[in-house]
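Presented below is the structure to which this report refers.
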Ligand SMILES: C[S@@+](CC[C@H](N)C(=O)[O-])C[C@H]1O[C@@H](n2cnc3c(N)ncnc32)[C@H](O)[C@@H]1O
């Protein structure tokens, strides 16, 4: 395998553009594709992408490609593939295949050929529950092999044990914050904070903390992994003290306890404050205006829709009366509920969120 190769950053569908902007900010030259972003680099770039990107759900390394017109050819070429340059004979692996517009159309048979090639040529065990996954895409008779270098999805930062109802994924929360123009310097308030995702992401960004600092990754199991270079990369992260301007509240006392525990585990307890209060009791935080980021209940997942119109109208009024100068971002699957706030909102692109299609609706300064 070459020293430099294509790296595909998988995005939440609809959040490719902010992920590309994030990758550009980290020094890569991203190209937006449907479903993600392509960059070029070597293994240290793969590690850095996993460690630093807040918006990617996983990082795939493009291993190589070859043509295969039938299964016997796939078998032969998969056996010749230099597996030892990336995989280790002692680490279990599995293969996932998709076929499109190709003479090889049976994904199961293709998977079996590639897995057998890895098992017999490299000696690596094949296991259906293996954490390491080789992804084979067969399109127009071209077999493209990639490796999932991430393992468990990147939205799992490794700090959240307690999860409230309908939590926002950290990867999405970070990209919606970016969509609001959050750069770490502005105060952030989530008055329906649930498990605290927006507030904790914002505080981590302000504190310069790497999102992957506490977790492990698939690439640590690869032949190309260099533990001392990785330790040096992780050790070079220099967190900075952040101002204590990241506020969450929720009417559910359990959610507030969870948020506090999650913030402590993430190391941002000192920069965050969580209060148990209903939206009607919202107080304007001291200090300059900032960004309200809220993901209110939207009915499809929790509760019924009817009363939610009243809740959204009340929320809009509270924001107008108490948060003059703040900008508001509302993430919801229901445009009608967003509009029920009576706020002057503009909507962003559709984003897939656990079977729902949500959008970020945002205002200018109130
Ligand atoms: C969709 S969840 C938010 C999830 C959150 N973004 C997270 O990542 O965990 C909606 C939250 O709104 C809260 N909520 C509902 N009605 C409320 C009210 N009147 N005042 C304050 N919070 C409310 C619920 O307790 C719930 O935690």
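None of the figures in this text is laboratory data; all of them are computed from the coordinates on show. All values reported here derive from a predicted model rather than from experimental measurement. Heads up, the Cβs are rebuilt from the backbone with ideal geometry, glycines too, and the neighbour counts pull from every protein chain shown.
Key figures for this structure:
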quantity	calculated
Cα gyration tensor shape for region 81-127, rounded if a/c is under 1.5, else prolate or oblate	prolate
Cα-based helix-to-principal-axis angle, 16-25 vs the chain, degrees rounded to 10	90 degrees
Antiparallel DSSP beta bridges within region 92-143, as percent of all bridges there, nearest 5	20 percent
Extended-chain gain in nm, criterion 0.36 nm per residue less alpha-carbon gap, residue 231 and residue 185	13.7 nm
Counting DSSP beta bridges with both ends in the chain, the antiparallel % (nearest 5)	60 percent
Rounded to 5, percent antiparallel among DSSP beta bridges of region 5-148	75 percent
P(r) histogram, all alpha-carbon pairs of the chain included - 10 Å bins from 0, percent	5, 23, 29, 21, 14, 7, 1, 0
Distance from region 314-352 to region 154-223 (C-alpha centre basis), Å	22 Å
Region 5-148: radius of gyration over Cα atoms, expressed as a fraction of 2.2 N^0.38 Å	1.08
Equivalent ellipsoid semi-axes, region 135-281, via Cα gyration tensor eigenvalues times 5, rooted, Å	33, 19, 14
The chain: calculated mean residue ellipticity at 222 nm from DSSP helix runs of at least 4, using -39500 (n - 2.57)	-9000 deg cm²/dmol
Contact order relative to length of region 44-137, as percent, for alpha carbon pairs under 8 angstrom and 6 or more apart	32 percent
Global form of region 302-366, assessed from the alpha-carbon gyration tensor, a/c cut-off 1.5	oblate
Overall form of region 256-344 per C-alpha gyration tensor (a/c, 1.5; a/b vs b/c)	oblate
Nearest 10 degrees, 0 to 90: helix 43-52 Cα axis against the chain principal axis	20 degrees
The chain: relative contact order as a whole-number percent, Cα under 8 Å and 6+ apart	14 percent
Order of 271, 319, 66 under a 10 Å beta carbon neighbour criterion, fewest first	66, 271, 319
Cα-based convex hull volume of region 1-55 per residue, rounded to whole Å³	69 Å³
